Amino acid sequence: MSLADFFSPLNTQNLSPKAGFYTSQLGSKVEMFSNDFPNLETEKFDIALIGVLEDRNAVNNQGTALGPDYVRKKLYSLYQGSYHCRIVDLGNIKAGYKVTDTYVALKTVITELIKKDILPVIIGGGQDLTYAQYMAYEDLEQKADLVVIDSKFDLDDSAETDSIETTSTSYLNKIFLHQPNYLFNFSNIGYQTYFVNQDSLRVMEKLLFDVNRLGDFTNNMPVAEPVIRNANLISFDISAIRASDACANSNATPNGFYGEDACQMCRYAGMSDKLSSIGFYEFNPAFDKNGQTAMLLAQMIWYFIDGFYNRKKDFPLQPKSQYLIYRTSLKDQSHELVFVKSKKSDRWWMQVPYPVGMSGNERYHLVPCRYEDYQIAVSGEMPDLWWRTYQKLV
């Protein structure tokens, strides 16, 4: 089966102004599927835009299936940055007869694109599509680090595990319990405590997952950078942004990230050499005002693209001459901690050793960290990130 079988073509007349795009606008730079499906074998693309016309499991937010083209219209009116982009828009994945058919289609598309070294950017639909995004990594047979930017944890603890449906409010159940397990780490960015069951918090702690309150990022967005840099895939729920900046969601709330915060996180995501897919979910044009949320999402994707074309390519850590190595010991001398700093980007990593016999030829696991983690280690204390990562390796 060809990937073209999953997609419906775009009506480019609805996406462009009557006079057409200027030569420096993204609309004139992106190759779009309108007549013939792009040849992904002979042409080299870096990023593929994918719309998903599926909202049957978007809880209390029906209408997200209509979102992709609204975002495209705004995105293609923006101007290209100081780079040469190679982006393809594959059109919209058609909703299957059943929701699970849509999941299979999205999973298949993401898997094939990553194999071709093309980064999929998913637009539209409910956040339950994160499950299909994650399942693509099962076919790739690689461990995955998932980062979700959301104001709550989409866990359903009110029903028996076997009977939980995959919805935008319960998809994490399916991911956490899926066998075989390809999830190495889960991180949440921006949860708001009054939306979170304390039992769910205890589950996250027991599983050694990383969850970060919205308040942790107030006036301090760089804290999010190493969390995002550690992700293979990112799922961004538009409801994580405050309603005044992104009203196009029936579950929007007064508090959340500002629009510029969202754009900054997207640029961090684009700059991560490790990231191989990202999804923007829960945008519902029925609740938009003057297209403002569609424009914000377009700008977020613009910042992601800008970050992608400004990648430093400093991971994995080669050549070694481009890095500085710092070593320090704990007060009790129980561990030597090793930190690595890139000369290109000033970004930090921490080496966490594998337990003996656990990883074949690899001696340590590299985890992105902050300069503050190094300072903690220099003071003789164990950074929490080191210990949590080591526990996952055992």
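The values are calculated or read from the model by the stated rules, or taken from the named source; none is laboratory data. Quantities reported herein were computed from a predicted structural model and do not represent experimental measurements. Cβ atoms come from the backbone with ideal geometry, glycine included; neighbour counts cover every protein chain shown. Accessible surface areas use protein heavy atoms only, side chains included; no ligands, DNA or RNA. Shrake-Rupley method; radii C 1.70, N 1.55, O 1.52, S 1.80 Å.
Computed over protein heavy atoms with a 1.4 Å probe, the accessible surface of the chain works out to 45 Å² per residue. Roughly what % of DSSP beta bridges within the chain run antiparallel, to the nearest 5? Antiparallel bridges: around 35 percent, rounded to the nearest 5.
Taking amide hydrogens as placed 1.01 Å from N in the peptide plane, the amide H of residue 364 sits under 5 Å from those of 354, each at least 5 positions away in sequence or on another chain. In terms of the Cα gyration tensor, with a ≥ b ≥ c the square roots of its eigenvalues, is the range 259-364 rounded because a/c is under 1.5, prolate because a/b exceeds b/c, or oblate? Prolate, since a/c reaches 1.5 and a/b exceeds b/c.
Is the range 1-90 best put as rounded, prolate or oblate by its Cα gyration tensor, with a ≥ b ≥ c the root eigenvalues, rounded for a/c under 1.5, and otherwise prolate when a/b is larger than b/c, oblate when not? Walk me through the numbers before you get to the answer.
Numbers: a/c = 1.87, a/b = 1.26, b/c = 1.48.
Because a/c hits 1.5 or more and a/b fails to exceed b/c, the range 1-90 counts as oblate.
Does the range 117-259 come out rounded, prolate or oblate, given a ≥ b ≥ c as the square roots of the eigenvalues of its C-alpha gyration tensor, rounded meaning a/c under 1.5 and, failing that, prolate meaning a/b above b/c? Intermediate results must be reported in sequence, preceding the final value.
Details: a/c = 1.40, a/b = 1.24, b/c = 1.13.
Cα axes put the range 117-259 in the rounded bin.
Packing order of peptides 57-64, 9-16, 146-153, highest average first: 146-153, 57-64, 9-16 (average count of other Cβ atoms within 10 Å over each peptide's residues). Packing order of peptides 257-270, 85-98, highest average first: 257-270, 85-98 (average count of other Cβ atoms within 10 Å over each peptide's residues).
Along the range 105-120 the Karplus relation, 6.51 cos²θ - 1.76 cosθ + 1.60 evaluated at θ = phi - 60°, assigns HN-Hα couplings of 4, 5, 4, 4, 4, 4, 4, 5, 5, 5, 4, 8, 6, 10, 8, x Hz to successive residues, with x for each Gly and Pro. What a 1.4 Å probe finds exposed on the range 204-349 is 48% carbon and sulfur by accessible area, rounded to a whole percent. For volume of the Cα convex hull per residue in Å³, the value calculated from this model appears in (1) 155; (2) 131; (3) 187 under label (1).
Summing Lys and Arg as +1 and Asp and Glu as -1 over all other residues whose Cβ lies under 11 Å from the Cβ of residue 227 gives a net charge of -2.
For residue 323, the residues whose modelled amide H falls within less than 5 Å of its own, excluding neighbours fewer than 5 places apart on the same chain, are 343. For a modelled paramagnetic label at residue 394, 7 Å from Cα along Cα-to-Cβ, the residues of the range 182-215 in reach, with backbone nitrogen under 20 Å, are 183-186, 202-211. Distance distribution P(r), the range 45-190, all Cα-Cα pairs, bin width 10 angstrom from 0: 11, 38, 38, 12, 2, 0 percent. As a length-normalised measure over Cα pairs under 8 Å and 6 or more apart, the relative contact order of the range 163-303 settles at 21 percent.
Working note: Karplus 6.51/-1.76/1.60 with θ = phi - 60° gives the range 178-183 the couplings 5, 10, x, 8, 10, 8 Hz, where Gly and Pro are set to x. Using the Cβ-Cβ distance between residue 327 and residue 82 with R0 = 51 Å, the FRET efficiency computed as 1/(1 + (r/R0)^6) comes to roughly 0.85.
In the chain, the longest principal axis of the Cα atoms and the axis of helix 129-139 are about 60 degrees apart. Backbone phi angles across the range 317-327, fed through the Karplus curve with coefficients 6.51, -1.76 and 1.60 (θ = phi - 60°), yield HN-Hα couplings of 7, 9, x, 5, 5, 8, 9, 10, 9, 10, 10 Hz in residue order; Gly and Pro are listed as x. Here the spin labels are modelled as points 7 Å beyond Cα on the Cα-Cβ line, and at residue 203 and residue 260 they lie 3.7 nm apart. Sticking with the crude label model, points 7 Å out along Cα→Cβ, report the distance from residue 354 to residue 165 in nm, one decimal please. Distance between the two pseudo-spin positions: 4.3 nm. The long axis of helix 384-393 is offset from the longest Cα principal axis of the chain by roughly 80 degrees.
So for the range 169-235, Kirkwood radius off the Cα pairs, Stokes-Einstein at 37 °C and 0.692 mPa s: how many µm² s⁻¹?
249
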